[in-house]
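Read the structure below first, then the notes.
The values are calculated or read from the model by the stated rules, or taken from the named source; none is laboratory data. Because the structure is predicted, anything quoted here is derived from the model rather than measured. Every residue, glycine among them, receives a Cβ derived from its backbone with ideal geometry; neighbour counts consider all protein chains shown. We work out accessible area using only protein heavy atoms, side chains counted, and drop any ligands, DNA or RNA first. Shrake-Rupley method; radii C 1.70, N 1.55, O 1.52, S 1.80 Å.
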Amino acid sequence: MEKEGLLSNTMRARITSIEYDGIKKEDIEKLYIQEYGELPPNFDIIKSKDLNIGKDSGFNATAIHFYDEEINEVYFINRGTEADIGKLRDGLFNKLKDYRMEPEKLKEIVFNGNEDIYTDIYTVLIGEDQFSSEDNVVFTNKVIDRANKKHSDLELTYFLDGHSLGGSEAQNIMVFTKDLFTNVNVYNDAPMNIYNTIMVNDHLKKKVQKEYGIAVEDINDLKKWILMTFVQFSIKNTAIIAIKSLITETKMTF
């Protein structure tokens, strides 16, 4: 049976919504009083930017740790895409000229200040960039370490919410951490990318190697393997359909 946490799903959705504005202590207290009619237990707010995580990747998240003699719960909120289209558009022609001179600096030249859009394209759609997902792992581990230092007698319980791009990252970290989270909610989430999910997860890499004999060193190895698997599957199924068709025609002849 799924354990019910301190915060209702409605409360978690409201916190996820206001996270874009930067969650403050008074925000949580206000929402908690509105929802439950009383002040919340003791809590700490941990932000990825305060830990210097996500500056280059654009990853942005907050964790809230509630604790007292009866509660020991951590709620992660992964933020979605934030974009400055005006900044992306300004001087685009010159940016593209600079990019042609230094194509390896696409992110720094074209997407500076719009790292989330870069992640939407190169992580969610293509799966070639793992920086945001790697920062997600770092943030999650640091929050866990901080929460454990409270030395509560109660076992820690973890919950996770994510919106849009944050929903994709929430699913990735859920796979990465296996059974860590008691419950995960995503809202209007971007999909997971199979390449990104595997490339950021050493356990999945080893599983692919063990079960399929493919050593995944970089994303191109993975793409080749998936393409070949799809081609072989298609050829096999085409052959089966052809054989079945031949058998059917033979029976009709007789």
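Highest mean packing first, where packing is the average number of other Cβ atoms within 10 Å per residue, the peptides 87-100, 187-200 line up as 187-200, 87-100.
Put simply, when 164-170, 69-75, 36-42, 22-28 are sorted by average Cβ atoms within 10 angstrom per residue, most first, you get 164-170, 69-75, 22-28, 36-42.
Accessible surface for region 1-150, divided over its residues, is 56 Å² per residue with a 1.4 Å probe. Rg over Rh for region 65-213 works out to 1.07, using Cα positions for both radii and the Kirkwood form for Rh. The trypsin sites (Lys or Arg not before Pro) of region 146-192 that DSSP puts in a loop, and whose beta carbon has at most 16 other beta carbons within 10 Å, are LYS149, LYS150, LYS178. Among HIS151, HIS163, HIS203, HIS65, the order of accessible area from largest down is HIS151, HIS203, HIS163, HIS65, computed with a 1.4 Å probe on protein heavy atoms. Of THR123, THR10, the order by accessible heavy-atom surface (1.4 Å probe, DNA, RNA and ligands excluded), from most exposed downward, is THR10, THR123. Here the accessible area of region 16-154 is 48 percent carbon and sulfur, with a 1.4 angstrom probe and all protein chains present.
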